[in-house]
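First comes the structure, then the notes that go with it.
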Amino acid sequence: MSLIVAGRIVPLTKDRKVAQSENASFQGRVWIGDDDRIAAVSRGTAGAVTITNSGRSAEFDNAPVVDVGNDLVVPGFIDLHSHLAYAPLPLWTEPDRTVPFQHHDIWPTRPTYAESISWPAYAFIEAAPAELLAYAEIRALVGGTTSIQGSPPSNRPLDGWLVRNIEDETLGGEIGRHQVLASTLTLKPEQLGARAISMRQGATFIYHCAEGRPDSIVQREYRAAHAAGCLQRRLVAIHTNAVDSASYDTWSDPGAIVWSPFSNLWLYGTTTDVPSALGRGISLCIGSDWGPSGTRNVLGELKVASLVSEAKGWGFSPFDLVKMITANPGDVLAEAWQRHAGRLQPGALGDLVVIASDAEAASRPDPFKSILRATEADVRLVVVNGKPLYGTEQLMQQASAAQTSRISVNGETRRLALTRFEGNDEPWSYKDVLKRLEEVRDDPKATIESARRLAFAAIRTGAPPPLRLALDMPTGRVPVGGLPKDLSKIIVPPIQPLEHDEAFFASIHGRGFHEGLLDGLSEFYS
Amino acid sequence: MDDQHAAASLLQAQTGQLLSDFLLGESPGGEPRRRERGGGRGRRPDFRIPKAQVLDGGERLQIIDTLIAVIGGVYCHLPQKRAAYALDPVQALQLLRAQVVALSEGEFHLALTSIISGLRDAHTRYSGPAAKQGAVAALPFLVEQYGPYDAPTFVVSKVSAPELIKDARFKSGVILESWNSIPFARAVDLHADRETGGRPDARRARALESLTFRALECGPPPDEMAVDIAYRAPPRGTLRETRIPWRVVQPERAQINHQPGSRASRYIAADPAAEAVRRTKKLMFSGNVWEADRSGTAIAHDEKRVKWIRTRFQDALAARIVKNSSSGDLGYLRIWSFDVEDDDAFIAEVMRLLDILPDNGLILDLRGNPGGLIWAAERLLQLFTPNTIKPARFSLLASPMTRAMASSPFNRMEFEAWLPSLEAAIATGEPYSQPLPLTDPAWCNDIGQKYGGPVVCVVDPNTYSAGDLFAAGFVDNEIGPVVCVGEATGAGGANVWTHFDLREALRGTSFELSVLPPDVGYTLAIRRALRCGAADGLPIEDLGVPGIAYEMTLDDLLQENRDLIAFCAGLLSGIPRTVMKVQIDERTVSITTRGLDELETYMNGRPFEAVRRISDGAHQLPRPDAEIIEFVGRRNGEICQRRRLGLNAG
């Protein structure tokens, strides 16, 4: 289905036929064709001519037109660092800890880690895997995210459902699987060697690397990646906050780093040496990380990056920062997918987000400042692969969105186009998703056991196995077998709201190791 | 259901169908029965079992290839079996594969069963396309032996419903002389050659059991449709002959048994055939208990002249007070099985029974226990000792398949702990992974001692698997003496998985297992048990747990183990006895002791006061503000009693 979105276009493109500069914006239209790609980006009302000239006007004869006025039409946000399986969990700190953790192998060994994180997450992946994914992906949509990394290992590809799951995306079968490889856990030298080979053959590798304080031992993970031949253009290194600036010199054909400042500050009290990385030509992206030490979505993480930049005097402009959740990760994905992403230009993926313009600002407000300051309430429409999946009632109606249900975000009504994971496009509401997650919370033991029996029955009968997910983070110090003796002892904390709310900000103050820096996040939302 | 109806229903279940009908009769699963008249209400239930499916060549190859993969890749006893019996099951399966299509159906299953049973491992069983899972071929009487091992006497200790045996003289107590014209002892030994079991005595014990009960899910049906038995009434009655037909019955599973696919089902150590036979014995000889299992109602065992304590775990437990002239009243706790889904509930029920039983001494009888949930067996140990329980540890075979299984993200919870040593084995050459407990040591000590009197444990070669683990834990944690009818326990030392468990665990790896033909399956020992304590590192498989030898007597068989109980009572009386009883009220805690000279008190795991020198009598202290209070009683420095109680403070 084709779609036309008219508004203030912020294309972030280098295509000079679309815009004179990467930071340009203009009133115009984005034309998404039947192939779910952007057919054209036009200025003013000249688009019809552009489309006619391209010979694709028939595709748009009956296309719905969504007119967002002065609101911003932006490339869909890309979150290159997440862990969907842990999305419903609240921020975590080890009680009574007074000094930051040295590195990523320390906090999983703390006594409360498994009971606070691994076991509740296990309850969700085992008893309600589809609902867990739905929750995590809806939360991403609410923050304007159209592509997300960090899907849990799954027994079936998570492709073409809601937001793009970066590791599983095949663009409707146009590209093969395993174009994007990922690992949360530290790999052995021979495994890194295999990844080096895969990257030389065209794969992109997203790797948690050297996560910790700069003086910590995990810096050797970066050296191991170097020794294995992984420091290539197609490497996307998550964190690298333990890496000293000089070491970036060894990445001679630089790829990208995913920066998750909230998580870094929360756990380690320091964050990645971003200026040094940028100085070596390494591309910078932003990732929201996970529930226990991250923001709710990458739009929130953008604000943390801004806070850090300001506090450290790094001088990132709103444009620089917005690129870190659009064009920069889009270029990373374009390498893997051979399709432009994170930029609005002909041939690019039909992923966009509409952000409310800053009505209180000057007559020609800086669109990038508006995006930086935008909250979930400012996300008016999210289109993935040409399909309107989430937005205001008005815009979803204009976009002819089908099978939508009501969802309330921060007290505002939105419509959500969600279908069941395994249900022949049967509509599904967030309310139902939440209801099932709450059932798991209420009785983890019964729901886990029941799900296990169903899975086992499918194996016995030869029926297709139900959706199965696995945890991708360290499990922590657990008994052999990984779980408490009595599953009813699993305490699943309250499922977190989809948006950054007052309780979230309240839970930041006086916790973690950010020395008050993250307290400033709430000001963006006040 | 009224009594008459219930009795008729039970008799119907005990009658089942004749083996001849089962093997040669018409299949009820196929076309409609032509002989059947009418239908609907009042129709006699069809107890017949569908006939076995015939496998084509492709299906046979599927089975063999799967067995080659799993026996070569994850069967945890493979190195030991190769050493102990000089056999190579993988090569044998490869040879069978070459001729698989040319064999008749019967030849194929026989050849395959022979290879698997050659492992002499009751955990590892091939289950052909049985007509119906759970079916057991049964004769309506129980044979047991007494006397010395090299000159045993075989006696009918129990008979089922009189309707099933035409010869009224054939009853409990008759001595068996021959089986199909073969001297009875010789017939048992011949049958033992087909049985699993690492030692000759274990094979004979299992042969004696399976002589009259064959779990069809785990092995071939009897060769004959009926048996000709020569017997005489004791001591020198007239030699008589009778012919008794084999019947096929469905013993079903009890409500408390573990459920396939549950979390507990991954922590099973049991002989599936022996478990089916155990249930069949219950159906045939304790029908009311079997009926109660189906409905989940609490009942006492129905042995004549014996008063058993009512329990809702009657499938697994039976308890009574036994009178003994020298030691006074003793407790007798029969643990029939550890096959339970909920080990917490099982242990809670044992605690309830222990409260009722006298504290003079306890006989734990695990004879014939075919195993079950490992957690149930290992956690139970703590109730009988002040010592900290160390559980057995389990290893995986170090192979590419187990490494792939342990590396799969879907198995992280289950196998992550084994992965480092499996990977290290590539460099170290170790044939096994690091051994790790399946029952976390904290779980084995989360309740503490509940029975303060001396305890003796009775086992036999049919005490198997989780039963072996209990016996090993009993010895290795120095709880008390083990009395063994036979040389040792049955020697099944492993955690057992089914094809479905393995298929699920190997999904997504390069060793993915295919679907097997309908109703075909197997069970496989995948984690090898090693003992702790003084026997640290010794495997249980094929060795078992030896104990103080005891030979059964005729009185034992016919008089409720009279001599065995007297023997155990003698052992118990020789164990120095101490007593500790703790009572808590709103303000005080009272500790009554006997035979102890020191008392230590701990609050929330920390010392509460200096060690008290004590003598027999009552001691009091104010009720402390703590969640947990623990008392340790010593005698000459040795810890003899320990009680831990929750105070629900605050």
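Does A:P100 satisfy the criteria of being touching a Gly at 6+ places or on another chain (Cβ under 7 Å), under 22 Å from A:P261 (Cβ atoms), at pLDDT 95 or above and surrounded by 15 or more Cβ atoms within 10 Å (Cβ to Cβ)? Answer is yes for this residue.
Test B:I526 against the criterion of being within 30 Å of B:D556 (Cβ to Cβ), among the aliphatic types (A, V, I, L, M) and not in a helix (DSSP H, G or I), and give yes or no.
Values: within 30 Å of B:D556 (Cβ to Cβ): no; among the aliphatic types (A, V, I, L, M): yes; not in a helix (DSSP H, G or I): yes.
Criteria not met by B:I526.
Go through region A:460-482 residue by residue and tally those that are over 28 Å from A:H208 (Cβ atoms) and within 8 Å of chain B (Cβ to nearest Cβ). Steps first, answer last, please.
From region A:460-482, those over 28 Å from A:H208 (Cβ atoms) are A:460-466; that's our starting set.
Of the ones still in play, those that are also within 8 Å of chain B (Cβ to nearest Cβ) are A:460, A:462, A:465.
So the count comes out to 3.
Just checking, does region B:403-416 include any residue being in a loop (DSSP other than H, G, I, E, B), of a type outside the set (D, E) and more than 14 Å from chain A (Cβ to nearest Cβ)?
Step one: of region B:403-416, the residues in a loop (DSSP other than H, G, I, E, B) are B:408.
Imposing the further condition that a residue be of a type outside the set (D, E) reduces the set to B:408.
This time we only want the ones that are more than 14 Å from chain A (Cβ to nearest Cβ), so: none.
No: region B:403-416 contains no residue that is in a loop (DSSP other than H, G, I, E, B), of a type outside the set (D, E) and more than 14 Å from chain A (Cβ to nearest Cβ).
Condition (residue is more than 22 Å from A:G411 (Cβ to Cβ), of a type in the set (D, E, K, R) and more than 19 Å from the chain's Cα centre (by Cα)) applied to region A:292-303: is it met by at least one residue?
As a first pass, look at region A:292-303 and keep what is more than 22 Å from A:G411 (Cβ to Cβ): A:292-294, A:298, A:301-302.
When the remaining residues are screened for being of a type in the set (D, E, K, R), the result is A:301.
Now drop any that are not more than 19 Å from the chain's Cα centre (by Cα), which leaves none.
Within region A:292-303, not a single residue is more than 22 Å from A:G411 (Cβ to Cβ), of a type in the set (D, E, K, R) and more than 19 Å from the chain's Cα centre (by Cα).
Does B:K282 qualify as being touching a strand residue (DSSP E or B) at 6+ places or on another chain (Cβ under 8 Å) and either free of Cβ contacts under 8 Å to residues at least 12 places away in the same chain or among the basic types (K, R) (or both)? The answer is no for B:K282.
Counting only residues that are modelled with pLDDT under 95, more than 22 Å from B:T385 (Cα to Cα) and more than 40 Å from the chain's Cα centre (by Cα), give me the strands (runs of 3 or more DSSP E) lying completely in region B:581-634 with at least 1 of them.
On the way: elements: B:588-594, B:598-603, B:617-622.
So the answer is B:588-594, B:617-622.
Can we say B:L543 is part of a loop (DSSP other than H, G, I, E, B), crowded, with 19+ Cβ neighbours inside 10 Å and of a type in the set (A, V, I, L, M)? Spelling it out, B:L543 is indeed part of a loop (DSSP other than H, G, I, E, B), crowded, with 19+ Cβ neighbours inside 10 Å and of a type in the set (A, V, I, L, M). Here A:G510 meets the list (1) assigned to a helix (DSSP H, G or I); (2) over 26 Å from A:Q149 (Cα atoms); (3) more than 9 Å from chain B (Cβ to nearest Cβ) almost entirely, failing just condition (1).
The listed residues are B:W246, B:W290, and the only one of them that is under 21 Å from B:V155 (Cβ atoms) and out of contact with any Cys (no Cβ under 6 Å at 6 or more places or on another chain) turns out to be B:W246.
With respect to (1) under 24 Å from B:G453 (Cβ atoms); (2) in contact with a strand residue (DSSP E or B) (Cβ under 6 Å, 6 or more places away or on another chain), the lone exception for B:R577 is condition (2). Of all residues assigned to region B:459-470, none qualifies as being surrounded by fewer than 24 Cβ atoms within 10 Å (Cβ to Cβ), in contact with a Ser or Thr (Cβ under 8 Å, 6 or more places away or on another chain) and at pLDDT 95 or above.
Report whether or not A:T93 is at pLDDT 95 or above and either β-branched (V, I, T) or in a helix (DSSP H, G or I) (or both). Spelling it out, A:T93 is indeed at pLDDT 95 or above and either β-branched (V, I, T) or in a helix (DSSP H, G or I) (or both). Taken together, B:L119, B:L139 contain a single residue that is under 27 Å from the mean Cα position of the chain (by Cα), of a type outside the set (S, T, N, Q) and either within 20 Å of B:P222 (Cα to Cα) or surrounded by fewer than 18 Cβ atoms within 10 Å (Cβ to Cβ) (or both), which is B:L139. For the condition buried (at least 23 other Cβ atoms within 10 Å of the Cβ), in a loop (DSSP other than H, G, I, E, B) and within 14 Å of chain B (Cβ to nearest Cβ), A:P152 qualifies.
Residues in region A:191-228 that are surrounded by fewer than 17 Cβ atoms within 10 Å (Cβ to Cβ) and either charged (D, E, K, R) or not assigned by TED's automatic domain parsing to the domain that holds A:L267 (or both): 4 in all. Listed by position, the helices (runs of 4 or more DSSP H) inside region B:286-394 whose residues that are in contact with an Asp or Glu (Cβ under 7 Å, 6 or more places away or on another chain) number at least 2 are B:287-295, B:374-380. Is there any pair linking a residue in region B:242-260 that is charged (D, E, K, R) to one that is assigned to a loop (DSSP other than H, G, I, E, B), with Cβ under 6 Å and at least six apart or on different chains, and which? Close Cβ pairs (under 6 Å, with a partner that is assigned to a loop (DSSP other than H, G, I, E, B)) amount to B:R247/B:G16. The residues of region A:13-55 that are under 23 Å from A:P318 (Cβ atoms), assigned to a strand (DSSP E or B) and in contact with a Lys or Arg (Cβ under 9 Å, 6 or more places away or on another chain), listed by number, are A:F26, A:Q27, A:G28, A:V41, A:R43.
A residue that is assigned to a helix (DSSP H, G or I) and either under 16 Å from the mean Cα position of the chain (by Cα) or basic (K, R) (or both) cannot be found anywhere in region B:235-257.
Among the residues making up region B:252-267, a single one is hydrophobic (A, V, I, L, M, F, W, C) and within 14 Å of another protein chain (Cβ to nearest Cβ): B:A264. Given the condition surrounded by fewer than 16 Cβ atoms within 10 Å (Cβ to Cβ), under 22 Å from A:L437 (Cβ atoms) and at the interface with another protein chain (Cβ under 9 Å from one of its Cβ atoms), answer yes or no: does some residue in region A:483-495 qualify? Yes, there is a match, as at least one residue in region A:483-495 is surrounded by fewer than 16 Cβ atoms within 10 Å (Cβ to Cβ), under 22 Å from A:L437 (Cβ atoms) and at the interface with another protein chain (Cβ under 9 Å from one of its Cβ atoms).
Regarding region A:100-110, can at least one residue be identified that is of a type in the set (F, W, Y) and outside any helix (DSSP H, G or I)? Outline the logic, then answer.
Quick first cut of region A:100-110, residues of a type in the set (F, W, Y) only: A:101, A:107.
After this cut, where a residue has to be outside any helix (DSSP H, G or I) as well, the list is A:101.
For region A:100-110, residues of a type in the set (F, W, Y) and outside any helix (DSSP H, G or I): present.
Look through B:E586, B:E551 and report the one residue that is surrounded by 14 or more Cβ atoms within 10 Å (Cβ to Cβ) and out of contact with any helix residue (DSSP H, G or I) (no Cβ under 6 Å at 6 or more places or on another chain).
Result: B:E551 is the single residue among B:E586, B:E551 that is surrounded by 14 or more Cβ atoms within 10 Å (Cβ to Cβ) and out of contact with any helix residue (DSSP H, G or I) (no Cβ under 6 Å at 6 or more places or on another chain).
Pairs linking a residue in region A:252-279 that is not assigned by TED's automatic domain parsing to the domain that holds A:R234 and in a helix (DSSP H, G or I) to a residue that is modelled with pLDDT under 95 and polar (S, T, N, Q), with Cβ atoms under 6 Å and 6 or more positions apart or on different chains, do not occur.
All conditions but one from (1) more than 10 Å from chain B (Cβ to nearest Cβ); (2) assigned to a loop (DSSP other than H, G, I, E, B); (3) among the small types (G, A, S); (4) closer than 30 Å to B:F415 by Cα apply to A:G423; the one that does not is (4). The set of residues from region A:177-201 being out of contact with any helix residue (DSSP H, G or I) (no Cβ under 8 Å at 6 or more places or on another chain) and over 25 Å from A:A85 (Cβ atoms) comprises A:E190, A:G193, A:A196, A:I197, A:M199, A:R200, A:Q201.
Scan region B:373-411 for residues that are in contact with a Phe, Trp or Tyr (Cβ under 7 Å, 6 or more places away or on another chain) and within 20 Å of B:G72 (Cβ to Cβ) and jot them down. Listed by number, the residues that qualify are B:S395, B:L396, B:L397, B:A398, B:M401, B:A404, B:M405, B:A406. Restrict the check to region A:311-332 and report whether at least one residue is small (G, A, S), crowded, with 24+ Cβ neighbours inside 10 Å, assigned to a loop (DSSP other than H, G, I, E, B) and assigned by TED's automatic domain parsing to the domain that holds A:G173. Checked region A:311-332: no residue is small (G, A, S), crowded, with 24+ Cβ neighbours inside 10 Å, assigned to a loop (DSSP other than H, G, I, E, B) and assigned by TED's automatic domain parsing to the domain that holds A:G173.
The values are calculated or read from the model by the stated rules, or taken from the named source; none is laboratory data. On a predicted model such as this, the values are computed, not experimentally measured, just so you know. Here the Cβ is made from the backbone with ideal geometry for all residues, glycine too, and neighbour counts use every protein chain on show.
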